[in-house]
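Input: a single structure, listed below in structure tokens.
Here, each number is a calculation from the coordinates, and none is a lab measurement. Predicted model only: the values in this text are computed from it and were never measured. Backbone-built Cβ (ideal geometry, glycine too); neighbour counts: all protein chains shown.
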Amino acid sequence: MKRLNFTLDEATIQLLNQIANQYYYGNKSQAVRAAVESLAAHLGHEGWVVAGFVPVSVDSDSECHTCHRHFGAGETLYRPVFRKGRAHNALQQLPREQWLECSDCAQILATES
Ligand SMILES: [Zn+2]
């Protein structure tokens, strides 16, 4: 354990007191620890995240990467484009396999990231 000294504005101090009193028996150190852990989980880890999708007209039977529905030749699926970033679902390496999403799954994934 180590004592840290940092500066907070009045509104943040009030919020910290409120959270500490409501959930941590008034223990501000525990409240700060929980807040930092929650932030770390939210920010996730460094890796490859989906930046967007490029439409692809498939020329043979193809499967959606997420929902595994099958789509025939001539249908439009969406290939993800990756960038470096932080997210709870960030990939450590770029995927090597064919990765196509149907429009439903691509829209959900685009909303999440
Ligand atoms: Zn799908």
Check your understanding: Once both axes come from the Cα atoms, what is the angle between helix 103-112 and the longest principal axis of the chain, in degrees from 0 to 90, rounded to 10?
Key -> 20 degrees
Exercise for review: Only helical DSSP H runs with n ≥ 4 go in: add -39500 (n - 2.57) per run for the chain, normalise by residue count and round the 222 nm mean residue ellipticity to 500 deg cm²/dmol.
Suggested key: -11500 deg cm²/dmol
Exercise for review: Note down the net charge around Gln93, summing +1 for each Lys or Arg and -1 for each Asp or Glu among other residues with Cβ under 15 Å from its Cβ.
Suggested key: +1
Exercise for review: Restrict the search to the stretch 49-97; then list the trypsin sites (Lys or Arg not before Pro) that DSSP places in a loop and that have at most 14 other Cβ atoms within 10 Å of their Cβ.
Suggested key: Arg69, Arg96
Check your understanding: Out of Val36, Gly47, Leu4, whose Cα points farthest toward the positive end of the dipole of the chain (charges: +1 Lys, Arg; -1 Asp, Glu; placed on Cβ)?
Key -> Leu4
**Study point:** Sequence of Leu39, Leu100 once ranked by neighbouring C-beta atoms within 10 Å, starting from the fewest
**Key:** Leu39, Leu100
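Using 0.36 nm times the number of residues separating Glu75 and Asn5, minus their current alpha carbon distance, what extension gain do you get?
Working: separation 70, 0.36 × 70 = 25.20 nm, distance 5.95 nm.
Full-extension gain reported as 19.3 nm.
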Practice item. Over the alpha-carbon set of the chain, work out the extent along each principal axis and list the three values in angstrom, largest first. Key: 62, 25, 21
